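Notes to accompany the following structure.
The values are calculated or read from the model by the stated rules, or taken from the named source; none is laboratory data. These numbers come from a predicted model, not from an experiment. As a convention, Cβ positions derive from the backbone with ideal geometry for all residues, glycine included, and neighbour counts pool all protein chains shown. The protein model used for the area step is the full one, side chains on, heavy atoms only, and it has no ligands, DNA or RNA in it. Shrake-Rupley method; radii C 1.70, N 1.55, O 1.52, S 1.80 Å.
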Amino acid sequence: MCIAQKNMNKRNKGENMQTTLLIMAAGIGSRFGGGIKQLEKVDENGHIIMDYSIHDAIEAGFNKIVFIIRKDIEDEFKNVIGDRIEAVCAEHNVTVDYAFQDINDIPGTLPEGRTKPWGTGQAVLAAKDILTTPFIVINADDYYGKEGFSAVHEYLVSGGESCMAGFVLKNTLSDNGGVTRGICKMDAQNNLTEVVETKNIVKTSEGAETEGIRLDTDSLVSMNMWGLTPGFLKVLEKGFAEFFEKEVVTNPLKAEYLIPTFIGELLEQGKMSVKVLRSNDTWYGMTYKEDVAAVKNSFKEMLEKGIYKEDLFSDL
């Protein structure tokens, strides 16, 4: 069976079910141009990492895309990314919509002096009125690979409610310095029991370590790729109100409402079940400036191997 036919079969499998790719892109700077990592071109054809994520999501079967951005960058975002992606999506019966993250969209009063965004939990809530289907949520500037999108889509269209793509630790490390990763603990059925945030993980000749402690590089880690349903949004919204009552009072300028933290609390309380879906793909991000060259070289290799086409969306 040819690749094109395989892709068509994958998309048709869930064709009667709408699923959404939710991209958290509000962190893109208000000045479009050099120095903004989400807009760093990663191949000779001018594509950015986000283009590859959108390709992989459409290939897996997602048929709606929602960009979470800030209102002040709407025009620039559409000029640089949105209009181009809308044109591609129109050819594949994929719809595009926008949600706007606003620091003032909170269940309370904005603390004086607060300029820091409220985190990924509030970002997702910005889209609550247009998220009417099961959805996958990702970071705009991370490359996840095909496997995670396929696994999450398959889980959601099969009736699953909450899942997470788990990436192998050794496939997520940087050659240029320490990274923070959420190391997953699971039960025998691959249900998530805990995400242990682990800072300053560095590569070593033996594998990886943090603060002199050796880590299992085959451990699965969370890279903020979650599969969720609209029902979760009500729980997330209630949690945001509680966060405002408890956390913001004690740390008004820096408290963040983060999806991994909130889901961790629900797991601890036995109020949620999350299936961990293993992905063997290599995750790429540009944590350090020195990562850029390595990431570009990796995309060059994937193009040479035929994993992607030079004309990126031509195989959908």
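Structural remarks
- Contact annotation: residue pairs with Cβ atoms under 8 Å, 6 or more positions apart or on different chains, pairing a residue in the stretch 254-268 that is open to solvent by 20 Å² or more (accessible area, probe 1.4 Å) with a partner that is of a type in the set (D, E, K, R), are LYS254/LYS116; GLU256/LYS116; PRO260/GLU197; GLY264/GLU194; LEU267/GLU194; GLU268/GLU194.
- Candidate set from the stretch 290-304 (those that are open to solvent by 50 Å² or more (accessible area, probe 1.4 Å) and free of Cβ contacts under 8 Å to residues at least 12 places away in the same chain); member that is farthest from VAL221 (Cα to Cα): GLU304
- Of all residue pairs spaced 6 or more apart or on separate chains, those with beta-carbon atoms under 7 Å, a first member in the stretch 190-218 that is touching a residue at least 12 places away in the same chain (Cβ under 8 Å) and a second member that is assigned to a loop (DSSP other than H, G, I, E, B) and open to solvent by 100 Å² or more (accessible area, probe 1.4 Å) are ASN200/GLU211; LYS203/ASP175.
- Test: residue in the stretch 94-101 that is open to solvent by 10 Å² or more (accessible area, probe 1.4 Å) and at pLDDT below 95: no
- Within the stretch 82-94, tally of residues that are in contact with a helix residue (DSSP H, G or I) (Cβ under 7 Å, 6 or more places away or on another chain) and more than 14 Å from ILE69 (Cβ to Cβ): 3
- Qualifying residue in the stretch 112-131 (condition: farther than 22 Å from GLU256 by Cβ and in contact with a strand residue (DSSP E or B) (Cβ under 7 Å, 6 or more places away or on another chain)): yes
- Taken together, the residues in the stretch 123-181 that are closer than 18 Å to LYS203 by Cβ and of a type in the set (S, T, N, Q) amount to 5.
- Residue match in the stretch 103-117 (condition: buried (at least 19 other Cβ atoms within 10 Å of the Cβ) and modelled with pLDDT of 95 or more): yes
- Members of the stretch 37-85 found to be part of a loop (DSSP other than H, G, I, E, B) and either open to solvent by 60 Å² or more (accessible area, probe 1.4 Å) or in contact with a Ser or Thr (Cβ under 8 Å, 6 or more places away or on another chain) (or both), listed by number: GLU44, ASN45, GLY61, PHE62, ASN63, ARG70
- The stretch 269-289, residues that are at pLDDT below 95 and either surrounded by 14 or more Cβ atoms within 10 Å (Cβ to Cβ) or touching a strand residue (DSSP E or B) at 6+ places or on another chain (Cβ under 9 Å) (or both): TYR284, GLY285, MET286, THR287, TYR288
- Odd one out for GLU197, checked against (1) open to solvent by 30 Å² or more (accessible area, probe 1.4 Å); (2) outside any helix (DSSP H, G or I); (3) modelled with pLDDT of 95 or more: (3)
- Boolean, THR133 is over 30 Å from ALA293 (Cα atoms), outside any strand (DSSP E or B), touching a helix residue (DSSP H, G or I) at 6+ places or on another chain (Cβ under 8 Å) and at pLDDT 95 or above: yes
- Residue in the stretch 205-225 that is of a type in the set (A, V, I, L, M), farther than 30 Å from LYS289 by Cα, open to solvent by 20 Å² or more (accessible area, probe 1.4 Å) and modelled with pLDDT of 95 or more present: no
- Residues that are more than 18 Å from ASP105 (Cβ to Cβ) and hydrophobic (A, V, I, L, M, F, W, C), drawn from the stretch 236-263: VAL249, ILE263
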